[in-house]
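Peer 1: For reference, the structure I am asking about is given below.
Each value in this text was obtained by applying a stated rule to the coordinates, not by laboratory testing. Keep in mind that what you see is a predicted model, and the values were worked out from it rather than measured. Note that each Cβ is placed from the backbone with ideal geometry, even for glycine, and that neighbours are counted across all protein chains shown.
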Amino acid sequence: MAERYTSFEPGGRRWLWQRLTAAFLVVVLAFHFFLLHFLNHADEVTFALSQARMEQLTYFSLMILFLVTATFHGVNGVYNALVNQGLSGTRKTAVKAILGLASVLLIVQGVRTALAWAGGVPI
Amino acid sequence: MSQSYNRGLIEDFSRWREFSAGMWAWIFHKFTGWVLVGYLFTHIAVLSTALSGAAAYTNTIQALESLLVVRILEVGLLAVAVFHILNGLRLLFVDLGVGLEAQDRSFYASLILTGVIVVASVPTFLSGVSI
């Protein structure tokens, strides 16, 4: 019997989350580009304009969700690509830990930045 | 029982002329994915200048946006993002069992639509920059 070439893990949930975040990101990434490059122009960006958007709870929470889903989708995509190339054993565990740490740092830094704009959670 | 051989990455890619549409779609999706995740980290790093105060943020963004090379890179980013979105939609549909028989045509459609959107966006992305 021919060897089965796949990194797909039966019963795994990362595959499903990669698809669910993809469906969300398709819409939000397109919105992000459209809002910040077409409705507003990149060279007109100021702290005050970013602040005005971030002070709205709807926009603030959407951007936090965008940050978390984009980080998961991107980092999980990198991990899947490396596993697909044959990453295994101790190196796989090490890569998983490093990517996990990088994700946490990115999300923390992104949330800190959002809070700096909004002046705290805009409730 | 069939024997499997690991030909190695370089030899695999040396046969690029024999690649089918689906293989190109896979390569482009990986490539654009790597670029986008790299950009995500860079993007948050640049936006973090907001932590140093309003003036630091505004000056950093406006200085970057005044550079032609940054605008050109942004057009490249748009191309990468649009292709990843369109090909991602194609993958979602294929995963749901829709359009598998037309997966090569939907890849070509993704490429063409990416090209059209990017070309149409160039004037917007380059507006107000001095050469």
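Peer 1: Would you mind getting me the FRET efficiency between B:Phe41 and A:Leu57? Use the beta-carbon distance for r and R0 = 30 Å, nearest 0.05. Could the numbers behind the result be given before it?
Peer 2: On the way: r = 27 Å, r/R0 = 0.89.
Efficiency computed from Cβ-Cβ geometry: 0.65.
Peer 1: In what sequence do B:Tyr108, A:Tyr79, B:Tyr57, A:Tyr59 fall when counting other Cβ within 10 Å, fewest first? Show your work: numbers first, answer last.
Peer 2: Details: B:Tyr108 13, A:Tyr79 20, B:Tyr57 25, A:Tyr59 16.
Lowest to highest Cβ neighbour count: B:Tyr108, A:Tyr59, A:Tyr79, B:Tyr57.
Peer 1: May I ask you to derive the relative contact order of chain B, considering only C-alpha pairs under 8 Å and at least 6 residues apart, and to give it as an integer percent?
Peer 2: On the way: 70 pairs, mean separation 41.2, N = 131.
Computed over chain B, the figure is 31 percent.
Peer 1: OK, next. So, in Å, what gap is there between the alpha-carbon centers of region A:14-83 and region B:46-118?
Peer 2: Region A:14-83 and region B:46-118 have Cα centres spaced 11 Å from each other.
Peer 1: Would you work out the charge dipole size for region B:9-126 about its Cα centre, treating the Cβ of every Lys and Arg as +1 and the Cβ of every Asp and Glu as -1, and quote it to the nearest 20 debye? Could the numbers behind the result be given before it?
Peer 2: Numbers: 6 positive and 8 negative charges, 31 e Å.
Charge dipole of region B:9-126: 140 debye, to the nearest 20.
Peer 1: Mind checking the angle between helix A:14-33 and chain A's longest principal axis? C-alpha axes, 0 to 90 degrees, to the nearest 10.
Peer 2: 30
Peer 1: Right, something else. How far, in degrees from 0 to 90, does helix B:68-95 lean away from the longest principal axis of the Cα atoms of chain B, to the nearest 10?
Peer 2: It is inclined by approximately 40 degrees.
Peer 1: Quick one: helix B:21-47 against the long Cα principal axis of chain B, what's the angle to the nearest 10°, folded into 0 to 90?
Peer 2: The helix B:21-47 is inclined about 20 degrees to chain B.
Peer 1: So, R0 is 35 Å and r is the distance between the beta-carbons of A:Val28 and B:Glu18; what FRET efficiency does that work out to, to 0.05?
Peer 2: On the way: r = 38 Å, r/R0 = 1.08.
Given R0 = 35 Å and the Cβ-Cβ separation, E is 0.40.
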